[in-house]
1. Step by step: first the residues of the range 250-298, then only those that are in a helix (DSSP H, G or I) and aliphatic (A, V, I, L, M), then the one that is surrounded by the fewest Cβ atoms within 10 Å (Cβ to Cβ). Which residue is that?
2. For the range 122-163, name all the residues that are within 24 Å of THR303 (Cβ to Cβ) and among the hydrophobic types (A, V, I, L, M, F, W, C).
3. Pick from LYS363, LYS324, LYS371: which is in the same structural domain as LEU265 (by TED's automatic domain parsing) and either modelled with pLDDT of 95 or more or more than 16 Å from ALA291 (Cβ to Cβ) (or both)?
4. Go through the residues of the range 229-240 one by one and say whether even a single one is within 26 Å of HIS293 (Cβ to Cβ) and surrounded by fewer than 17 Cβ atoms within 10 Å (Cβ to Cβ).
5. When you look at HIS403, is it in a strand (DSSP E or B), modelled with pLDDT of 95 or more, surrounded by fewer than 20 Cβ atoms within 10 Å (Cβ to Cβ) and under 29 Å from the mean Cα position of the chain (by Cα), yes or no?
6. Would you please name the residue that is surrounded by the most Cβ atoms within 10 Å (Cβ to Cβ), looking only at residues in the range 63-76 that are within 12 Å of GLU111 (Cα to Cα) and of a type outside the set (A, V, I, L, M)?
7. Is one or more of the residues making up the range 335-345 crowded, with 24+ Cβ neighbours inside 10 Å, in contact with a Pro (Cβ under 8 Å, 6 or more places away or on another chain) and outside any strand (DSSP E or B)?
Amino acid sequence: MTPEHEAPKDPRPTALSRRSLLAMGALPVVAGVAGGAVAGGAPAAAQSGVTVEPQTGQQIIQGFGGMNHTVWINDLTAAQRDTAFGNGTGQLGFSLLRIPVHEDRANWSGEVATARRAIEHGAKVFASPWNPPASMTESFSGGKRLRYDQYGAYARHLNDFTAFMRDNGVDLHAISVQNEPDYAHDWTAWTPAEIVRFLREHAGSLNTRVIAPESFQYRKNMSDPILNDPQALANVDIIGAHLYGTQNSELPYPLFQQKGGGKELWMTEVYHPNSSDSADLWPQALDVGEAMHRALVYGRFQTYVWWYIRRSYGPMREDGRISKRGANMAHYSKWVRPGYQRITATANPQANVYISAFKSGSKIVIVAVNKNSSAVYHPYTVKGAGSASISTWLTDANRTLEHYNTFTMSNGSFGAQLPARSIRTFVIG
């Protein structure tokens, strides 16, 4: 990802302009929200039912979060760190923080304070490099690349960063080989073959989990060679991808399902649908809820990580308050915690309604997005369930992460109305 053009330290307006166009054309986001339960007044006309299958498990969720980059924008304040990574009222409940591996070691210390606080809140911290130290690179016809005789030195550079962060109270969960090697107009480019070579020959020496390839558009020509090379695959832990301009048809990854056993699949950066609009525009912010639904359900990603945590178009406004886009993220991040498992549910019971479900033990969480201009009603069936209390939270034009109501599920069944243009989370049990 590039920094934005409006920030004084953000040097790449041309790249961002192109990125913004790509993001605007990215996976069409559809949001669906569950409105009040049957008890909450006269329901809208009943639509097809929603079936939730707790015994049919899918991927394990590793978390939700965003990026902090203290060279390109100001660091989060102490209060903003708590808003991002705390999970109380008015907090986002993020469980992942992404930070950069600066090529200049003098900048490493700038990432410590926020990373340390994130870990104190229970979050995982992972890191991505944009460039190796300049002494390790060379120019070529395609831009800048890591010199082939410096691969070992680069691995030591990544290990030095891991050790520095550990010595300063931050135990990195993982480190990436390169941010967006296939969109490297202003940073270091890698071919798929070069990434495979580094993974084969040097990634085994890295002292934390390894992420690759972090393609800017989930281009499979960047990750297929890793999955098809047993030695390279053995030295990677997480297949990482960004979703700028990725079409819905490109979200499924059959080769990963076939060969990625034991590995994780992370979406490590995106903003959606653009970086030009305010994050509080409604109902446009519902695009985020739909995009997350699609990434989790159709892409089977285990994480969803935004670009800058605090930005006019991001989950946290510049004044430190949660935005409407952030509220959409929080409908997942606050209640779908790391270790929860996505379970099968009716994903699209009618046009413009998107439903996903998750479980941890006997607790079940359903997130519903309704992008329709009118309320919709659905009967829900949770297979194998009995009676339980259901608490719900709602975001719409006038409410943000508000507790909506509490009611009772009987014999695994309940009905719920999704208000017009809203996102609603149900917590069962």
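The values are calculated or read from the model by the stated rules, or taken from the named source; none is laboratory data. Since the structure is predicted, the reported quantities are computational estimates derived from the model, not experimental observations. A quick note on method: Cβ atoms are made from the backbone with ideal geometry, for glycine too, and the neighbour counts reach across all protein chains shown.
1. Result: LEU255.
2. Listed by number, the residues that qualify are ALA123, VAL125, PHE126, ALA127, TRP130, LEU158, PHE161.
3. Exactly one residue qualifies, and that residue is LYS324.
4. The answer is no, given that none of the residues of the range 229-240 is within 26 Å of HIS293 (Cβ to Cβ) and surrounded by fewer than 17 Cβ atoms within 10 Å (Cβ to Cβ).
5. Here the answer is yes, as HIS403 does meet what is asked.
6. The qualifying residue surrounded by the most Cβ atoms within 10 Å (Cβ to Cβ) is ASN68.
7. There is no residue in the range 335-345 that is crowded, with 24+ Cβ neighbours inside 10 Å, in contact with a Pro (Cβ under 8 Å, 6 or more places away or on another chain) and outside any strand (DSSP E or B).
Let's see how each residue does on (1) part of a helix (DSSP H, G or I); (2) at pLDDT 95 or above:
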{"residue": "THR2", "(1), (2)": "no, no"}
{"residue": "HIS5", "(1), (2)": "no, no"}
{"residue": "LEU16", "(1), (2)": "yes, no"}
{"residue": "GLY40", "(1), (2)": "no, no"}
{"residue": "GLY65", "(1), (2)": "no, yes"}
{"residue": "HIS69", "(1), (2)": "no, yes"}
{"residue": "ASN87", "(1), (2)": "no, yes"}
{"residue": "GLY93", "(1), (2)": "no, yes"}
{"residue": "TRP108", "(1), (2)": "yes, yes"}
